[in-house]
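None of the figures in this text is laboratory data; all of them are computed from the coordinates on show. Given the structure is predicted, the values throughout are model-derived calculations rather than measurements. As a convention, Cβ positions derive from the backbone with ideal geometry for all residues, glycine included, and neighbour counts pool all protein chains shown.
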Amino acid sequence: MHLRDSESDAAFRTEVREWLGGAVASLPSRPSDDDWPGRRAYDAHWQRLLFDAGYAGINWPAEHGGRGATPTEHLIFLEESAAAKAPDVGVGFVGQMHAGPTIIAEGTDAQKSHHLRGILTGEHVWCQGFSEPGSGSDLASLRTRAFRDGDDYVVTGQKIWTSHAMAADYCEMLVRTDPNELKHKGISWLIMPMDLPGIDVRPLVTVHGSTEFAELFLDEVRVPVSNLVGEENDGWRVANVTLSFERGTGFVGELLDTTNVFQELIEFSKSTTRNGKSVYDDDSIRREIGIIGADLDALWAFTKRNVSQGARGGMVMGSGSGFKVAFATTQHRLGDLALRVLDRSSLSLDDLDGLPTGELVHAKLHAFAISLGGGTTQIQQNIIAERVLGLPRER
Amino acid sequence: MDLQPTDDQNSLVEMITGFAADRFPIEIIRSFSDRTGFDRSRWSELAALGTFGVAVPEESGGVGLNFIDAVLVHEALGAALVPGPLVAATLASGVVEGVIDGSVVPCLVDLPHDGPLIVEHFRSADVLLVVSDNGVELISCSEISGSDVLHPTDPTTPVTVLASRPEGKSVGGPELATAWRQRGSLLASAQLSGNSSGSTSLAVEYAKEREQFGRPIGSFQGLKHLLADSWIRTEVARSSVWAAGVTIDEPEVGSIPRAVAGARLTAARAATENAKTCVQVHGGMGFTWEVDAHLFLKRAWILETQFGSIDDAADVVAELYAIR
């Protein structure tokens with residue numbers, strides 16, 4: 001086992017670091033979170049810089065326009081991007097992480113040539129229409145109906161938790177094409193252009209007040225049959241095909257953000273005085289910092305194990321679920337500590353006195369995004385109990 | 001970077017696991033509750049496998065592998081609850097004559113600033129190693145007086161309270177003491193990580209067999225979530241224990257004190273919490289001497305006190321984050 005870079009990885013790290021230094025310095029200032037046109041333009045500009053330098057689709061296969069980097073190189077790229085304070089994937093998330101890889105695996109040649117380049121250059125933004133108000137953890141119960149009418153599917157229903165819908169050109173969507181089949185059968189995977197008639201996008205305001213998500217109301221939207229990816233009624237399998245691409249890097253961006261927030265919390269605790277001494281010098285606070293620090297270091301090591309296993313060709317069963325639950329637990333613990341350290345400064349979601357106080361309250365609220373999004377902690381626990389430990393199913 | 005075991009490392013772990021199952025079944029481990037229960041011939045067999053000299057250079061009679069390999073071995077020993085002064089023997093191999101082949105059995109005390117001088121496995125050992133800020137000293141056990149505890153908390157870890165601070169001859173200065181404290185802490189943490197995995201396996205097997213309300217209790221989500229959390233704690237602990245082991249071999253990749261202290265925190269939590277879950281899953285039977293669940297819990301309690309408390313470890317991690 002090793003943690004040091006191999007010779008070629010070290011060379012890659014140097015190359016990436018040099019490029020990022022120049023590219024990040026050239027960026028304009030970031031738009032505000034609610035300025036969707038501004039965010040879209042900013043993220044697209046960064047993605048174009050990555051594309052021109054050959055870093056777009058870093059983990060995508062080379063024959064589909066990606067760089068074909070190893071999982072380890074991908075991790076190095078993310079680490080160096082964070083160190084250089086480079087923008088994260090932003091509104092390119094769904095396209096680059098899910099829709100693109102799905103089209104690579106299951107799309108027709110026409111779909112590949114029409115969509116992949118736009119995702120890589122940042123020209124096309126995607127959103128995800130999977131969850132529904134009645135279908136959360138039990139996603140396969142989804143009811144958005146698509147019936148065939150000539151060369152179109154006519155789609156009617158409602159989607160929720162649609163990230164970046166406010167800025168998206170396309171939606172990767174799961175619909176029920178066979179209403180007589182329950183659950184996983186009878187579902188299809190469609191590419192829905194977001195400018196079609198019958199789509200109503202309404203922002204969904206989250207607990208921290210952001211409009212990151214939206215609801216989609218779909219009323220007889222006519223999606224061409226040529227936008228079906230994979231076979232009709234085989235959409236559940238198509239939606240899961242990206243799982244086999246997972247190489248342990250999925251949460252690196254979030255983990256980097258959390259590590260930065262943690263460092264800011266430590267600085268804040270050292271510079272804030274309470275009862276005549278710094279908050280950091282309170283034994284119970286300092287030891288909680290130590291425990292969370294140990295957990296973050298462990299989560300980095302866990303990530304490196306998963307990436308190492310990914311480099312050997314596939315993940316160990318349960319390792320993604322296990323990481324996510326542990327990460328969510330640490331996020332919540334960090335958020336709880338932040339509120340203790342902030343004391344009454346936690347009454348403001350805006351930063352106070354030039355200190356990152358509001359950002360720390362946001363971190364506590366954001367912890368729920370980790371313990372709820374992409375399969376709740378309890379669903380992940382079920383997966384581990386049944387598929388790793390072999391415990392019997394409840395029903 | 002590659003933080004998963006190689007094929008050779010997996011084989012090493014399988015060999016130790018297989019040996020432990022064959023030669024240290026639970027009845028033998030339980031017999032360590034007798035003060036005369038230490039079996040020197042089995043200890044020698046363990047030594048003959050190369051267990052204590054895994055990371056000792058070949059020219060000094062060892063196997064010549066890296067420290068991470070010793071860490072993996074201790075994880076396997078911890079999972080099987082193999083008893084005896086395993087950490088002391090690994091630290092002393094290559095330094096104290098006869099330890100590596102099992103002919104000399106060592107025990108060790110990391111001198112506390114205050115409180116009683118309690119030594120594990122003193123009565124079974126030939127020599128005592130005394131670790132302090134000044135260095136490491138060696139003294140024959142026959143020259144020291146102490147009284148054995150009649151009811152040690154962990155029945156498989158007999159302990160003795162020494163009458164006074166022992167004085168021996170020096171085998172190394174402050175640098176050796178620092179290295180031993182770091183390595184000793186990590187080897188104990190590796191056993192804790194293994195312990196957490198062993199108690200989880202015991203609990204999972206029981207949850208599959210035991211039926212209530214007409215079905216296996218492991219089908220209930222209340223237990224599933226407890227057991228999934230145990231598995232996750234082990235994977236988190238194992239991650240930091242492995243990273244710390246590699247950091248000792250490759251010091252340029254990070255801070256050894258931070259990695260070692262972090263490994264202690266995650267591994268101690270995994271071991272104690274998973275053993276508690278194991279007792280709970282066994283229901284009333286978990287509260288009995290007969291079921292092995294308490295042996296995991298009590299061993300975990302012993303190990304988590306070795307080479308500093310978990311509060312000390314939390315202070316170390318916090319300080320090393322805060323100075324950045």
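Using the Kirkwood radius built from alpha carbon pairs, what does the Stokes-Einstein equation give as D for region A:67-182 at 25 °C and 0.890 mPa s, in µm² per second?
Stokes-Einstein gives a translational diffusion coefficient of 151 µm²/s.
Would you mind estimating how fast chain B diffuses translationally, via Stokes-Einstein at 4 °C and 1.567 mPa s with the Kirkwood radius over Cα pairs, in µm²/s?
65
Return a whole-number percent for the relative contact order of chain A, with Cα pairs under 8 Å and 6 or more residues apart as the contact set.
12
Mind jotting down a quarter of the surface of the convex hull over the alpha carbons of region B:28-151, in square nanometres, one decimal?
8.3
Which residues make up the longest stretch of chain B clear of chymotrypsin sites (Phe, Trp or Tyr not before Pro) that lie in a DSSP loop with no more than 13 other Cβ atoms within 10 Å, not counting the sites?
Formally, the longest exposed-site-free interval is B:1-212.
So what's the back-of-envelope 222 nm ellipticity for chain B, counting only DSSP H runs of four-plus at -39500 (n - 2.57) apiece and dividing by all residues, rounded to 500? Each step should come with its number before you reach the end.
Values: 10 runs with 167 residues, N = 324.
The helix-only estimate for chain B comes to -17000 deg cm²/dmol at 222 nm.
Of the peptides A:268-277, A:298-307, how do they stack up when ordered by the mean number of other Cβ atoms within 10 Å, highest first?
On the way: A:268-277: 13.0, A:298-307: 25.5.
Put in order of decreasing packing, that is A:298-307, A:268-277.
Can you pull the percent of Cα pairs in region B:189-324 with separation above 23 Å?
39
For region A:165-244 and region B:258-299, what is the centre-to-centre distance using only Cα atoms, to the nearest Å?
46
Please compute the alpha carbon radius of gyration of the protein assembly as shown, then divide it by the globular-protein estimate 2.2 N^0.38 Å. Two decimals is fine.
With N residues counted in the protein assembly as shown, Rg over 2.2 N^0.38 Å equals 1.06.
Taking only DSSP H segments of four or more residues, each worth -39500 (n - 2.57), what value at 222 nm results for chain A once the sum is divided by all its residues, to the nearest 500 deg cm²/dmol? Walk me through the intermediate numbers first.
Working: 11 runs with 172 residues, N = 395.
Computed ellipticity for chain A at 222 nm equals -14500 deg cm²/dmol.
Before anything else, pin down the relative contact order of region A:61-152: Cα pairs under 8 Å, at least 6 apart, normalised by residue count, whole percent.
On the way: 53 pairs, mean separation 21.5, N = 92.
Across region A:61-152, relative contact order equals 23 percent.
Which of the GluC sites (Glu not before Pro) found in region B:73-136 are loop residues per DSSP with 14 or fewer other Cβ atoms within 10 Å of their Cβ?
Filter output for region B:73-136: B:Glu97.
Give me the Å³ per residue figure for the convex hull around the C-alpha atoms of region B:120-176. Walk me through the numbers before you get to the answer.
Working: hull volume 5.3 nm³, N = 57.
Convex hull of Cα atoms, per residue: 93 Å³.
So how do A:155-162, B:108-115 stack up, highest first, on mean other-Cβ count within 10 Å?
Result, highest mean first: A:155-162, B:108-115.
With the calculation restricted to Cα positions, what are the radius of gyration and Dmax of region A:177-228 in angstrom?
14.4, 40
Show the residues, 5+ positions off or on another chain, whose built amide H is closer than 5 Å to the amide H of B:Val136.
Under 5 Å from the amide H of B:Val136 lie the amide H atoms of B:Val171, B:Gly172, B:Gly173, B:Ala177, each far enough along the sequence or on another chain.
Other chains near B:236-246: what is the mean number of their Cβ atoms within 10 Å of each residue's Cβ? Don't skip to the end; give the middle numbers.
Values: counts 13, 2, 4, 13, 8, 2, 6, 9, 3, 2, 6.
Averaged over the peptide's residues, the number is 6.
Where the eigenvalues come from the Cα gyration tensor of region A:16-70, what are the semi-axes √(5λ) of the equivalent ellipsoid, largest first, in whole Å? It would help to have the intermediate numbers written out before the result.
On the way: eigenvalues 114, 44, 12 Å².
One finds semi-axes of 24, 15, 8 Å for region A:16-70.
Can you grab the distance from the C-alpha centre of region A:273-346 to the C-alpha centre of region A:28-59, Å, no decimals?
29
Can you return the lysines within cross-link range of A:Lys183? Criterion is Cα-Cα under 18 Å, with same-chain partners fewer than 8 residues away left out.
Answer for A:Lys183, where 18 Å is the Cα cut-off: A:Lys159, listed by chain and number.
Please give the average number of partner chain Cβ atoms lying within 10 Å of the Cβ of each residue in A:381-387, rounded to a whole number.
Shielding by partners across A:381-387 averages 6.
Using only the Cα atoms, work out Rg/Rh for region A:225-283, with Rh taken as the Kirkwood radius, to two decimals.
Ratio value, two decimals: 1.47.
Sticking to Cα atoms, compute the Rg of region B:4-49 to one decimal and its Dmax as the biggest Cα-Cα distance, whole number, in Å.
For region B:4-49, the Cα-based Rg and Dmax read 13.0, 40 Å.
Note down the Stokes-Einstein diffusion coefficient of region A:250-289 in µm²/s, whole number, using a Kirkwood radius over alpha carbon pairs, 37 °C, and 0.692 mPa s.
Working: Rh = 11.0 Å.
The diffusion coefficient I find is 298 µm²/s.
Which whole-number percent gives the relative contact order of chain B, counting Cα pairs below 8 Å spaced six or more residues apart? Could the numbers behind the result be given before it?
On the way: 567 pairs, mean separation 52.7, N = 324.
So the answer I get is 16 percent.
Can you give me the distance in nm between label points at B:Glu143 and A:Ala84, each placed 7 Å from the Cα along the Cα-to-Cβ direction?
Placing both labels 7 Å beyond Cα along the Cβ direction yields 6.3 nm.
After finding the eigenvalues of the alpha carbon gyration tensor for region A:101-152, what semi-axes result from the square roots of 5 times each, listed largest first in whole Å?
Working from the Cα gyration tensor, I get semi-axes of 26, 17, 11 Å.
Quick check: convex hull over the Cα atoms of region B:101-240, volume per residue in Å³, rounded to an integer? Show your work: numbers first, answer last.
Numbers: hull volume 23.4 nm³, N = 140.
Each residue corresponds to 167 Å³ of Cα convex hull volume.
Need one value for B:267-274: mean number of C-beta atoms belonging to other chains within 10 Å of its residues' C-beta atoms.
Details: counts 2, 0, 3, 1, 0, 0, 0, 0.
Partner Cβ neighbours, averaged per residue: 1.
Expected output is a single nm value to one decimal: the length gained when fully extending between A:Asn180 and A:Glu7, i.e. 0.36 nm times separation in residues minus the C-alpha distance. What is it?
56.6 nm
Treating region A:218-343 as a set of equal point scatterers at the Cα positions, no solvent, please give the Debye-formula log₁₀ I(q)/I(0) at q = 0.11, 0.19 Å⁻¹.
-0.57, -1.00
With chain A treated as a Gaussian network of Cα nodes joined by springs under 10 Å, which of A:Phe130, A:Phe12, A:Phe51 yields the largest mean-square fluctuation?
A:Phe12
Could you tell me how many cubic angstrom of Cα convex hull volume chain A has per residue?
Each residue corresponds to 160 Å³ of Cα convex hull volume.
Give the average over all directions of the projected area of the C-alpha convex hull of region A:147-249, one decimal, in nm².
7.9
Going through the cross-link list A:Lys85/A:Lys324; A:Lys270/A:Lys364; A:Lys185/A:Lys324; A:Lys324/B:Lys224, which pairs have a Cα-Cα distance over 26 Å in this structure?
Those over the limit are A:Lys185/A:Lys324.
In degrees between 0 and 90, to the nearest 10, how far off the longest principal axis of chain A does helix A:283-311 point, with axes built from Cα atoms?
Between helix and principal axis, roughly 40 degrees.
Could you quote the convex hull projected area for region A:334-395, Cα atoms only and averaged over all directions, in nm²?
5.8
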